[in-house]
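Novice: My structure is below; once you've seen it, I'll send some questions.
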Amino acid sequence: METTDNRLLLEECGGKHRVRISVDRGGTFTDCVGIFPVEPTAKDPSGERVVVVKLLSEDPTHYSDAPREGIRRILEIATGSPHPRDALLATENIESIRMGTTVATNALLERKGEPCALVVTLGFRDLLKIGNQARPKIFD
């Protein structure tokens, strides 16, 4: 757990420089990155600290949702305050959350999942050609 200096800095910024969080939810692991303001030091000369949290995407004995757990852990580090797992997350110290996932891509590449259909309208016929994500002439 970080010192409460981080929390004081977040409060002094008046919400202007809050935590920016990015999440990549994969089939095996979920990676979370938090960037938040700190007093510039030799360790953090930019005045920002980057925290990385890597979690198993499925770990029901410890948490029900990996992205939420990663966000919770980043907020604990950034604010220096506990954020209990069973409580709602306070969002006043969050500037943004960006989330991406490779779960659907992996299912497509591994040919797993349910049968489905693709319907396209005029102007989107090229989707049929890139539907399997093999695009050897992507920039032609």
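Novice: Probe of 1.4 angstrom, ligands and nucleic acids ignored: what's the accessible area per residue over the range 56-111, in square angstrom? Kindly include the intermediate steps, with their values, before the conclusion.
Specialist: Details: 3580 Å² over 56 residues.
About 64 Å² of surface per residue is accessible.
Novice: Which percent of Cα pairs goes in each bin when the distances of the range 69-119 are cut into 5 angstrom slices starting at zero?
Specialist: 4, 14, 21, 12, 9, 9, 11, 12, 6, 1
Novice: For the range 69-86, in order, what is each residue's ³J(HN,Hα) by Karplus, 6.51 cos²θ - 1.76 cosθ + 1.60 with θ = phi - 60°, in whole Hz (x at glycine and Pro)?
Specialist: With the stated coefficients, the range 69-86 comes to 5, x, 5, 4, 5, 5, 5, 4, 5, 5, 9, x, 10, x, 10, x, 4, 8 Hz.
The values are calculated or read from the model by the stated rules, or taken from the named source; none is laboratory data. Quick caveat, the model's predicted, so the values are computed rather than measured. Keep in mind that these areas ignore ligands, DNA and RNA; they rest on the heavy atoms of the full protein, side chains included. Shrake-Rupley method; radii C 1.70, N 1.55, O 1.52, S 1.80 Å.
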